[in-house]
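Enquirer: I'd like to ask you about the structure that follows.
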Amino acid sequence: MENIIYIKPQDLHGEMSRLRKEKQMDFLESLTGMDWGLPDEKDAEDVVRGLGVVYHLESSVTGERMVIKTSTTDREHPELPSVCDIWKGANFPEREVYDFFGIVFTGHPDMRRLFLRNDWVGYPLRKDNDPAKDNPLRMTNEDTVDTTMEVDETQNGETEKENVLFAKDEYVVNIGPQHPATHGVLRFRVSLEGESIKKIDINCGYIHRGIEKMNERLTYPQTLALTDRLDYLGAMQNRHALCLCIEKAMGVEVSDRVKCIRTIMDELQRIDSHILFFSCLCQDLGATTAFLYGFRDREKILDIFEETCGGRLILNYNTIGGVQADIHPNFVRRVKEFIPYMRKNIHEYFDVFINNVIAQNRLKGVGVLSREDAISYGATGGTGRASGWACDVRKRMPYGMYDKVDFKEIVYTEGDCFARLMVRMDEILESLKIIEQLIDNIPEGSYQEKMKPIIRVPEGSYYAAVEGSRGEFGVYLESKGDKMPYRLHYRVTGLPLVGTIDELCRGAKIADLIAIGGTLDYVVPDIDR
């Protein structure tokens, strides 16, 4: 169970500012909206009730970690102070909490819904939400508005003011929601001056599926299937994170065989994802031949997955306490054949694309993200490491077999599109190195621990994370001791990445948006959930 500190709403902003400065808590790892229900007369003073937020903080300097909770019992007009002036990465998560719980964050510059329609009625993640009463189903689209609301706290109460997103004379174009370079159903409203970008308004939620709400009515084994549908290019890693969180909560220790298999599978998934990243980036920039080279090599991994897992994209492999089936008899041989094959073929990626002067001119010096901003936005994974931030979960909080293998955390300092590409290419070689150390040393033992027919997680709050293909994928679980989670929230990899786009693209050319979006490597179903 996490060590939790409760802070009253009126003290929250001041305390968060102090933690940021004095404790060097510069990384807002996760921000989770909560509904703890109505207060009870028997409740002790330190019992958290009402609507609130859980913050997971970490110092990139000292590695210290903290969990903060705050709440308000006012369900009619719930308000909490915004912390997006302390951490830039709080912007979208606070809008998400407003969207699903109705908590207004005072001082936030853009209090709009993030995923649901602007004219949606009600807040679906509240425990007292009544869909029949709120009746949110309509057949007409909401109007697009060019203003947003900001709520400020003053000595005389609160004031609301409208902020204009785009002036009437601005030239605004839509990229998406159906566009190959948005890498999914995502819509950018882009204000242009000639070919230069002035501002981007990001519109999410076109494929929002309510996965976190669905989890509240599913048993723990049933929740696993939905993780493969988040970042479908990191399905193995997503499911690993949820299994880790549940196993941690239950005190279940899996066998070394399971740890080894999970680690190898995670690294195969990482290579698969990075190859697809390379292929799609090439396609976005017009290099179709390189796109085909990447898909040729990725097929080798999908064939290995299919033989052991029965699936190629949606894998359904990790289970609570182990994996669903032991590795196929051909697994070791095919993986050992793939390692030299991939090491040889990755040189072709450089010959056909990376060393091309046109590609380098499109990528070098474009979309520069500073180390400070990468941390503030919480842009983890290859994006953060390309900006000089050593943020690899496999090094920060080792799990599986990562503390028993030798590998290098790839860090570049340029922070541009080319550095983000090179991090992934170098990480493919490091993943091959990790697999090579494990593939001949898979321990004997059980591939699945014996579990009770009905799994109940002890009451409490738990967090676990893995290094996904595009950053930290975290799971926050709050349990009441039942067979279904009280709250299951995912710290997805894509939301912090897409949150950087407006800042990275201002002043850039419209063609640079394609390169920047491609090298950030977000996956939209992961964002929308």
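The values are calculated or read from the model by the stated rules, or taken from the named source; none is laboratory data. On a predicted model such as this, the values are computed, not experimentally measured, just so you know. FYI the Cβ positions are ideal-geometry reconstructions off the backbone, even for glycines, and counts take in every protein chain you see. All accessible areas refer to the heavy atoms of the entire protein, side chains included, with ligands and DNA or RNA removed. Shrake-Rupley method; radii C 1.70, N 1.55, O 1.52, S 1.80 Å.
Enquirer: Say whether the condition of being in contact with a helix residue (DSSP H, G or I) (Cβ under 9 Å, 6 or more places away or on another chain), under 30 Å from Leu57 (Cβ atoms) and surrounded by 14 or more Cβ atoms within 10 Å (Cβ to Cβ) is met by at least one residue in the stretch 307-324.
Expert: yes
Enquirer: Considering only the stretch 134-189, state which residues are closer than 24 Å to Glu94 by Cα, β-branched (Val, Ile, Thr), at pLDDT 70 or above and out of contact with any Ser or Thr (no Cβ under 6 Å at 6 or more places or on another chain).
Expert: Once the filter is applied, which keeps residues that are closer than 24 Å to Glu94 by Cα, β-branched (Val, Ile, Thr), at pLDDT 70 or above and out of contact with any Ser or Thr (no Cβ under 6 Å at 6 or more places or on another chain), the stretch 134-189 yields Thr144, Val145, Thr147, Thr148, Thr159, Thr182, Val185.
Enquirer: Would you mind finding the one in Ile501, Ile455 that is among the β-branched types (Val, Ile, Thr), farther than 21 Å from Cys243 by Cβ and open to solvent by less than 20 Å² (accessible area, probe 1.4 Å)?
Expert: Ile501
Enquirer: Look through Leu38, Leu80, Leu19 and report the one residue that is modelled with pLDDT of 90 or more and either surrounded by fewer than 19 Cβ atoms within 10 Å (Cβ to Cβ) or in contact with a helix residue (DSSP H, G or I) (Cβ under 9 Å, 6 or more places away or on another chain) (or both).
Expert: Leu80
Enquirer: Would you say Ile514 is over 30 Å from Arg189 (Cα atoms), hydrophobic (A, V, I, L, M, F, W, C) and assigned to a helix (DSSP H, G or I)?
Expert: In short, no.
Enquirer: Taking the stretch 352-369 as the region of interest, how many residues are among the basic types (Lys, Arg) and either over 7 Å from Asp416 (Cβ atoms) or modelled with pLDDT under 90 (or both)?
Expert: Result for the stretch 352-369: 1.
Enquirer: Taking Ile304 as the residue in question, decide whether it is more than 30 Å from Arg456 (Cβ to Cβ) and open to solvent by less than 60 Å² (accessible area, probe 1.4 Å).
Expert: yes
Enquirer: So, one more: Can you confirm whether Arg270 is at pLDDT 90 or above, within 28 Å of Ile439 (Cβ to Cβ) and among the basic types (Lys, Arg)?
Expert: Answer is yes for this residue.
Enquirer: Looking at the stretch 52-68, is at least one residue modelled with pLDDT under 90, out of contact with any Lys or Arg (no Cβ under 9 Å at 6 or more places or on another chain) and open to solvent by 10 Å² or more (accessible area, probe 1.4 Å)?
Expert: Looking for residues that are modelled with pLDDT under 90, out of contact with any Lys or Arg (no Cβ under 9 Å at 6 or more places or on another chain) and open to solvent by 10 Å² or more (accessible area, probe 1.4 Å), one finds none in the stretch 52-68, hence no.
Enquirer: What pairs come out if I take residues in the stretch 359-373 that are in contact (Cβ under 8 Å) with a residue 12 or more places away in the chain and pair them with residues that are open to solvent by 70 Å² or more (accessible area, probe 1.4 Å) whose C-beta lies under 9 Å away, six or more apart or interchain?
Expert: Going by the 9 Å Cβ cut-off, the qualifying pairs are Lys364/Glu414; Gly365/Glu414; Val366/Lys509; Val368/Glu414; Leu369/Glu503; Arg371/Thr413; Asp373/Lys88; Asp373/Glu503.
Enquirer: Still on this structure, I have one more. From the residues in the stretch 95-127 that are basic (Lys, Arg) and out of contact with any strand residue (DSSP E or B) (no Cβ under 6 Å at 6 or more places or on another chain), which one is most open to solvent (accessible area, probe 1.4 Å)?
Expert: Looking at residues that are basic (Lys, Arg) and out of contact with any strand residue (DSSP E or B) (no Cβ under 6 Å at 6 or more places or on another chain), I get Arg117.
Enquirer: Taking the options Lys213, Lys199, name whichever one is out of contact with any Cys (no Cβ under 9 Å at 6 or more places or on another chain) and either farther than 30 Å from Ile410 by Cα or open to solvent by 10 Å² or more (accessible area, probe 1.4 Å) (or both).
Expert: The unique qualifying residue is Lys213.
Enquirer: List every residue pair whose Cβ atoms lie under 8 Å apart, where the two residues are 6 or more positions apart in sequence or sit on different chains, the first residue falls within the stretch 401-419 and is within 24 Å of Gly365 (Cβ to Cβ), and the second residue, located anywhere, is open to solvent by 10 Å² or more (accessible area, probe 1.4 Å) and of a type in the set (Ser, Thr, Tyr).
Expert: Short answer, once both residue conditions are applied: Gly415/Ser370; Ala419/Tyr412; Ala419/Thr413.
Enquirer: Inspect all residues belonging to the stretch 304-312 and state whether any of them is closer than 23 Å to Glu472 by Cα and either among the aliphatic types (A, V, I, L, M) or in contact with an Asp or Glu (Cβ under 9 Å, 6 or more places away or on another chain) (or both).
Expert: For the stretch 304-312, residues closer than 23 Å to Glu472 by Cα and either among the aliphatic types (A, V, I, L, M) or in contact with an Asp or Glu (Cβ under 9 Å, 6 or more places away or on another chain) (or both): present.
Enquirer: Would you please name the residue that is surrounded by the most Cβ atoms within 10 Å (Cβ to Cβ), looking only at residues in the stretch 431-452 that are of a type in the set (A, V, I, L, M, F, W, C) and assigned to a loop (DSSP other than H, G, I, E, B)?
Expert: Ile442
Enquirer: Could I ask something else about it? Can you confirm whether the stretch 392-400 contains a residue that is under 30 Å from Leu363 (Cβ atoms) and among the hydrophobic types (A, V, I, L, M, F, W, C)?
Expert: Yes, that holds for at least one residue.
Enquirer: Quick one: in the stretch 458-483, which of the residues that are part of a loop (DSSP other than H, G, I, E, B) and of a type in the set (D, E, K, R) is most open to solvent (accessible area, probe 1.4 Å)?
Expert: Glu459
Enquirer: Given the conditions (1) open to solvent by less than 20 Å² (accessible area, probe 1.4 Å); (2) farther than 20 Å from Ala465 by Cβ, and given that Arg75 satisfies all but one, which numbered condition is not satisfied?
Expert: Checking Arg75 against (1) open to solvent by less than 20 Å² (accessible area, probe 1.4 Å); (2) farther than 20 Å from Ala465 by Cβ, the one that fails is (1).
Enquirer: In the stretch 1-16, what residues are within 28 Å of Glu247 (Cβ to Cβ) and either β-branched (Val, Ile, Thr) or open to solvent by 80 Å² or more (accessible area, probe 1.4 Å) (or both)?
Expert: Met1, Asn3, Ile4, Ile5, Tyr6, listed by residue number.
Enquirer: Next question. If you go through the stretch 88-110 one residue at a time, do you hit one that is over 25 Å from Thr144 (Cα atoms), aliphatic (A, V, I, L, M) and touching an Asp or Glu at 6+ places or on another chain (Cβ under 6 Å)?
Expert: no
Enquirer: Kindly indicate the residue of the stretch 251-286 that is open to solvent by 10 Å² or more (accessible area, probe 1.4 Å) and of a type in the set (A, V, I, L, M, F, W, C) and also nearest to Arg394 (Cα to Cα) among those meeting that condition.
Expert: Result: Val254.
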